[in-house]
Amino acid sequence: MSELLPQQQIDKLKAHAAEIEHPHEMIVDVLREIQAHHGWVPDAGVVLTAEILGITPVEVEEIATFYDKIFRQPVGKRVVHICDSICCWSTGGEEIADHLQQTLGIGFGETTADGLFTLLPTCCLGACGDAPAMMIGLTTYGPLTATKVDEILAKERAELAKTTSGKD
Amino acid sequence: MTDYTQVLFKNRRPGETASLETYEKTGGYEGLRIALQKTPGEICAQVKYSGLRGRGGAGFPTGVKWSFFPADQPGEKYLVCNGDEMEPGTYKDRQLLLADPHQLIEGMVIAAYALQAPVGYIFLRYAYEDCSQVIERAIAEAEAAGYLGKDILGSGFSCELHLHRSAGRYILGEETALINGLEGRRPNPRSKPPFPAQRGLFGRPTNVNNIETLANVPHIMRNGNAWYQQLSAPESSPGTKLFGLSGHFNRTECFELPLGVTLREVVQEYGGGLRNGKRFKACLPGGASSPYMTAEHLDVAMDFNALEEIGSRLGTAGVTAFDEDTCMVAVTRNINRFFARESCGWCTPCRDGLQTISWLLDKIENGQGTEDDLTMLHDQVRNINGRSFCALAEGAMGPVEALLRLFEDEIKEHIRKGKCPFG
Amino acid sequence: MPKLIIDNREVTVPEGTNVLEAAQALDIVIPHFCYHEALGAVGSCRLCAMNFLEGPVEGLQMACMIKAEDGMVVSTVDEEAVELRSHVIEWAMTNHPHDCPVCDEGGECQLQDMTVAGGHSRRRFHGPKQTYINQELGPFIQQEKNRCITCYRCIRTYRDYCGGTDFGTFGSRNRICFGRFQDGRLESPFSGNLVDACPTGVFTNKVFRFKSRVWDLQEAPSICPHCSLGCSTIPGGRYRELQRVKPGINRETNGFFICDRGRFGYDHVNHPERPRQARLDGQQATVDAALTAAAQRVRQMVEQHGPDSVAFVGSARTSLEAGALLAEWAKRTGSPHLLFETHRERDRAARILVDRLGDRACSLAELQQSDLLLLIGTDLIAEGPMAALAVRQAVRAGAQVVVIDPRPIDLPCSCTHLPVGPERLPVFLDTLVTRKTEALTDAERNPLQALLEQLDAAKTPALLGGADLLGSRGISRLLDAAVALDNNERPVRVVGLLGGANSYGGALLTRSPRDFDTLVDDIQEGAIKALVCLESDPYRECFDPARAQAALGRLELLVSFDCTPNLAAQRADIFLPSRPVAEMAGSFINNEGRLQAFEQVIEPGISIRETSSGDHPPREFSLETPGALPRPAWQMLAQVLDLPGDLPAIRQQIATADERFDALTSLTADETGPRITDPVVLPDTAPDELPQCVPGETLPLLPVQGFAGSDWLAHLSAPLQPLEGEPTIWLHCDLAVRLGLAEQDQARLTTPLGHCHVTVRTSARMADNLVLVPHLWGTALEGLVPGGRHIDCRLEKEVNL
Ligand SMILES: Cc1cc2nc3c(=O)[nH]c(=O)nc-3n(C[C@H](O)[C@H](O)[C@H](O)COP(=O)(O)O)c2cc1C
Ligand code: SF4
Ligand code: FES
């Protein structure tokens, strides 16, 4: 996970950037790829994006800091986004958020000591029919109850254990 | 529940996404064949006379917008599909894509032909990874079947579609901010004029439509305007609409209903009433930016014009219900916090005004509010409404203004009691 | 021309004017933040609300976003508009700290002004404010992010207007901030403009920080002395110390901005080694005694050896008034030797430009209107930074720029650059004149053909060339090219970048057909025995300082007037301390012939520093201010000539004697200034080939100007020191490889003048087969003066011991 992007992917992105007329349009794509691979986007990731696209780091940082789903600070292996918008709020979202904080033992913006989970509030996930909802990584879950949250976290933990033990 | 004609949802099956085959079996891509027989101008005219109105929130007549587009101007022109869908209470585009995505592809190819804008972008919000996979597959299927790509169905018309996955933030739903986002610029809105139809993506003419809007187009092509108009009662709002129900309803699902159904029908028939047998207090009829409706509005028809007449808006038709035990100050505070957080930061009223309103609503909800705060709330709304650079702040004022109009007593009770009366 | 009614008053404004500007034309000032005359309107602050009562637009609108149209009836005092403005101010203040008492913007804070103007006086918001961590932005700019009101003026100035690339907008919603990606010096040579652009105290002048409250400053309109463009400035000083410079507004020249050299180059005025004492034969003397001695000895010299034995040499930083009196002195002695530039090529180039420029002259405002700009043999960032900014504005409006120059030119805009060796410049110039392309190489022919076509098609073309690389011959050919490229529809404009602030004025005053190099021969031979130097340093400013120094040793009398510690001042038999621009009134003529006046800002004298521990200068009892002896050069010269010593009288005298300077009598420092064009006395020797680079035996070395470090006055300014850097040379990457050198290597540079150690920089964007050396005062490179023949050199890599 320490590498920002595999060289092959860098080459591919560079080749694509060289082909198109407006490489700026790829900024979000490249940042997302780095994030998918590295978990978050460190300064070096901003610099790498700029290098791939042949633009300045400032131009990348302007974009990277605008979007809330680009992480410019370290996060855990899984980011738990708990919706705090109106539909989830009205169906018990706050209780679920409390439950998550207690179970994970962290507050919003924090990462569990084992480095597995970071908890963030998010605006509406477009899962209002399934409220209260949360998104872990890119997967949306809902409607949530405390029990369901426990099951989902357990499942995510198990998956993480598999991938990390497989890798090391 | 009345069995209304299902157009966009006719292939919806629980947990399933309609394949190309299913779509074709139910008339899919026939609209495209028909369209390719016509001239671009004829298609624009037909869409105009169908009365289709934009489903992205504003309800602007789609055909009229298309008729402003300089389709015969040489050089690049772009078609953009707005799939940002980030307004709380709105999840209909996701349901549409997960049910039957080829409607969008077909709609976009027809629109691209009608507008002579052969390069299309589908802009999709971050949280819709499920939809993005569905779209990618649908694009691949459509290309393989000759509905997309070079020389579509032997017509000589070519069209390419690109999927852009965003990285969060509601403002990208605003069409000019979205265009900046696609270009890799800071997604602040642009000033209009020039409108995207004159100078949009990469400085070229660009047409932006909502997913649901575009998905309606193939059906109009295939079945004609008379058919389309008889789908709903109000002349001003033809067709069906996806209503996404949420909040305190018993059933929080997305339904395809004719425009003009009454709120009562939505609440009682489709929403199944409110949870725990509670009474209906209010709802957001069309996403978090639409002013509240209350029990006195239950017999109002849910269409663009009727809602405007009562001081609300159909918006995205995401109906969020609140029961009698709900504190409307708390609801408004929650909604306002969303808008404050999603402000792009370009103009002062939105960037700092929404922060001020958040602070005031916090204060009132926490029992520390004063009469001065209420006065201040009024003057904030008065000075933000219509004064911001784009419509985000105006949308944010919808619920706050409605709170002051419909629930001022509730605010005063907070102030009088020094606490929230709902505990 | 739309006619509209604002607050019941009618106003007619030019097409394209917005309603905010139209109101300003009626002196109705409505608060605004994001609109700025130079930056335009973006409608983000929402402050300039007016109510549109009748006409094509109706209701409350942001006046800056609405073009004035016929029939509009507008109210600025409408209740709704007034209420909105007070709210916008209130919002802008929500996150603003209450640090006004210690804020270094105090006294010129537009946020304060707008807060008062907008009618917001009582804080109602008591919620938590956003706070930020500041960045370290280098020696010039201090950042204090918490004060930001997010008006976006900084980014629009730094990036859009000035073309800086290391500054951005970060974050979103009410958590936006502006700065660099990471800590570090702001790289744009126009970075100081952030200070003026920011309406509050986010970006302040770090050098000036906490030195004075601005209302305590003595300020007056002035002219920047650091290049030939003549930008308008407003220096500010206190207790005899010059403390800062900010741009003045001149819509014909610099507009609203200045470069960092102009902004931070002022400190030569306070230089600790600045000579403040008159000297006579090595002894301190009163100014009066020294002046009497100077007049007397010059007279004796003429009596003994004839008028040809005395020469008078001014410089490009000599004011027009002092220059004219020097000329009068020369005339009274009968001496034919009067020059205003000791650098031969700069002198001749200036004279040829002035002689032939005429209606081709092009102000920076006009340059911005050009649709095609050919920059040949000029590096604008070094030779006239604000011209580079004007070129950028032209490009933003759609102009094309072609650069033909050996250097790795860094313009703040896109351009097509042909990095050819200096020896090719005459060929290119000839081609522009004759359209014959035989002399061009195959690789050169196509771009030149294309350029000629572009020039023919252009509606408002401009040619820009620098005196250093083109020399007199090149400037002359540039003017020939302009003539050749004229057509019936339009002339071709010309901008020549000259040696200094008053090069143009000096050329107008010069009466000798000779140049300084030939005078050096006379000095060497003993024919010239006395030299009067007016703010000039023939020891070091001519192209071949070694040769000059050898000859100057033979002089019997050296008189020097100066305000800087240069060699002539040090070696003079009679020295007279003069004043720099900020300490006197006077005038300069810039490179387009614009006569501009400057006023006195402060009195001379060793400054008092309140803040130090009581060690301010007057330690001994004295009735006089220490160090206050320097006088304006024109005043001292007037005394020599027995003329009244006040400026109006001197100006009157100059204007009476020479009608070209008529305008002097009524000139004020706040006007844009009239243009003066006139034939001048040309140098007699026919201009030979371009100065540089008949390819030599070994490696040709080409000294060039740098942004900082090659302007003598700027070099004496401590705030600019961080920009000067180490002695450096530039090589094409390929040449570096052939020489076994790499970027950042240390190398030993050997020239006939000796050895020096340099850092190697490489570029692919420059001419091959030559070594560029940016001239750097105060280092071993100071003898390598730009603007002459090439020098042979050797380069060896230095191995670290
Ligand atoms: C703040 C803001 C957010 C918006 N979000 C969306 C959105 O998520 N999806 C959408 O289709 N339209 C959204 N819109 C409306 C679009 O700007 C645009 O009007 C619409 O996409 C046009 O499509 P339509 O005519 O088909 O409705 C938003 C507008 C504003 C001001
Ligand atoms: S461009 Fe020249 S005249 Fe203008 S401020 Fe800079 S150095 Fe001074
Ligand atoms: S409000 Fe939470 S998903 Fe929509």
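The values are calculated or read from the model by the stated rules, or taken from the named source; none is laboratory data. These figures come from a predicted structure and were not determined experimentally. Using ideal geometry, Cβ is built from the backbone for each residue, glycine included, and neighbour counts are taken over all protein chains shown.
Yes/no per residue for (1) at pLDDT 95 or above; (2) crowded, with 22+ Cβ neighbours inside 10 Å; (3) within 16 Å of ligand 1 (Cβ to nearest atom); (4) polar (S, T, N, Q):
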{"site": "C:G230", "(1), (2), (3), (4)": "yes, yes, no, no"}
{"site": "C:T233", "(1), (2), (3), (4)": "yes, yes, no, yes"}
{"site": "C:R240", "(1), (2), (3), (4)": "no, no, no, no"}
{"site": "C:Q243", "(1), (2), (3), (4)": "yes, yes, no, yes"}
{"site": "C:I249", "(1), (2), (3), (4)": "yes, no, no, no"}
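Within region B:145-166, which residues are at the interface with another protein chain (Cβ under 10 Å from one of its Cβ atoms) and out of contact with any Phe, Trp or Tyr (no Cβ under 6 Å at 6 or more places or on another chain)? Listed by number, the list holds a single entry, B:R165. No other residue among A:V58, A:V75 is under 30 Å from C:F181 (Cβ atoms) and in contact (Cβ under 8 Å) with a residue 24 or more places away in the chain apart from A:V75. Among the residues of region B:197-210, none qualifies, meaning not one is over 29 Å from B:E42 (Cα atoms) and in a loop (DSSP other than H, G, I, E, B). Taking C:L498, is it within 16 Å of ligand 2 (Cβ to nearest atom), more than 14 Å from chain A (Cβ to nearest Cβ), among the hydrophobic types (A, V, I, L, M, F, W, C) and within 30 Å of the chain's Cα centre (by Cα)? When the stated conditions are applied, C:L498 passes them. Using the structure shown, decide if C:R244 is away from chain A (no Cβ under 14 Å), under 29 Å from the mean Cα position of the chain (by Cα), assigned to a loop (DSSP other than H, G, I, E, B) and within 16 Å of ligand 2 (Cβ to nearest atom). No. Within region A:80-91, no residue that is under 18 Å from B:S290 (Cα atoms) and more than 8 Å from ligand 3 (Cβ to nearest atom) sits with its Cβ atom under 6 Å from a residue that is among the aliphatic types (A, V, I, L, M) and modelled with pLDDT under 95 at 6+ positions apart or across chains. A Cβ distance below 7 Å, combined with a sequence gap of six or more or placement on separate chains, defines the contacts here; from region A:130-149, residues that are within 8 Å of another protein chain (Cβ to nearest Cβ) reach no residue that is of a type in the set (F, W, Y). Taken together, the criteria place B:L201 among residues that are among the aliphatic types (A, V, I, L, M), within 22 Å of B:D84 (Cα to Cα) and modelled with pLDDT of 95 or more. Might you let me know whether region B:373-382 holds any residue that is in a helix (DSSP H, G or I), touching a residue at least 40 places away in the same chain (Cβ under 8 Å) and within 10 Å of chain C (Cβ to nearest Cβ)? Yes, that holds for at least one residue. I'm checking my understanding of the structure. Among residues of region B:167-194 that are within 18 Å of A:H22 (Cβ to Cβ) and under 16 Å from the mean Cα position of the chain (by Cα), which one is nearest to the other protein chains (Cβ to nearest Cβ)? Looking at residues that are within 18 Å of A:H22 (Cβ to Cβ) and under 16 Å from the mean Cα position of the chain (by Cα), I get B:L172. Within region B:303-319, the set of residues being away from ligand 1 (no atom under 16 Å from the Cβ) and either among the acidic types (D, E) or within 14 Å of another protein chain (Cβ to nearest Cβ) (or both) comprises B:E309, B:V319.
Each row is one residue, and each column tells you yes or no for (1) part of a loop (DSSP other than H, G, I, E, B); (2) surrounded by fewer than 21 Cβ atoms within 10 Å (Cβ to Cβ); (3) hydroxyl-bearing (S, T, Y).
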{"site": "B:N11", "(1), (2), (3)": "yes, yes, no"}
{"site": "B:G27", "(1), (2), (3)": "yes, yes, no"}
{"site": "B:G31", "(1), (2), (3)": "no, no, no"}
{"site": "B:E42", "(1), (2), (3)": "no, yes, no"}
{"site": "B:K48", "(1), (2), (3)": "no, yes, no"}
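Each residue in region C:451-475 was checked for being at pLDDT below 95 and surrounded by fewer than 21 Cβ atoms within 10 Å (Cβ to Cβ), and 0 pass.
Among helices (runs of 4 or more DSSP H) entirely within region A:65-168, having at least 3 residues that are over 25 Å from B:P88 (Cβ atoms) and more than 16 Å from ligand 1 (Cβ to nearest atom) singles out A:146-167.
Are there any pairs, at least 6 apart or on different chains, whose C-beta atoms fall under 6 Å, with the first in region B:337-351 and more than 7 Å from chain C (Cβ to nearest Cβ) and within 22 Å of C:M62 (Cα to Cα) and the second hydroxyl-bearing (S, T, Y) and in a loop (DSSP other than H, G, I, E, B), and if so, which? Within 6 Å, the pairs are B:C350/B:S343; B:C350/B:S388. The lone criterion from (1) closer than 21 Å to C:R85 by Cβ; (2) in contact with a Pro (Cβ under 7 Å, 6 or more places away or on another chain); (3) surrounded by fewer than 24 Cβ atoms within 10 Å (Cβ to Cβ) left unmet by B:A402 is number (1).
Taking C:R261, is it away from ligand 1 (no atom under 16 Å from the Cβ), part of a strand (DSSP E or B) and touching a residue at least 24 places away in the same chain (Cβ under 8 Å)? The answer is no for C:R261.
The conditions of being surrounded by fewer than 18 Cβ atoms within 10 Å (Cβ to Cβ) and either under 14 Å from A:S85 (Cβ atoms) or over 14 Å from the mean Cα position of the chain (by Cα) (or both) are met by A:T112. Here the condition is being surrounded by 21 or more Cβ atoms within 10 Å (Cβ to Cβ) and either charged (D, E, K, R) or away from ligand 1 (no atom under 16 Å from the Cβ) (or both); of B:E371, B:E324, B:E394, B:E342, it holds for B:E342 alone. What residue, among those in region B:246-261 that are assigned to a strand (DSSP E or B) and more than 17 Å from B:A288 (Cβ to Cβ), is nearest to ligand 3 (Cβ to nearest atom)? Taking the candidates together, the pick is B:F255.
Against the numbered list (1) more than 42 Å from the chain's Cα centre (by Cα); (2) within 11 Å of chain B (Cβ to nearest Cβ); (3) surrounded by 23 or more Cβ atoms within 10 Å (Cβ to Cβ), C:E83 comes up short only at (3). Of all the numbered requirements in (1) at positive phi; (2) within 16 Å of ligand 3 (Cβ to nearest atom), B:D84 misses one, and that requirement is (1).
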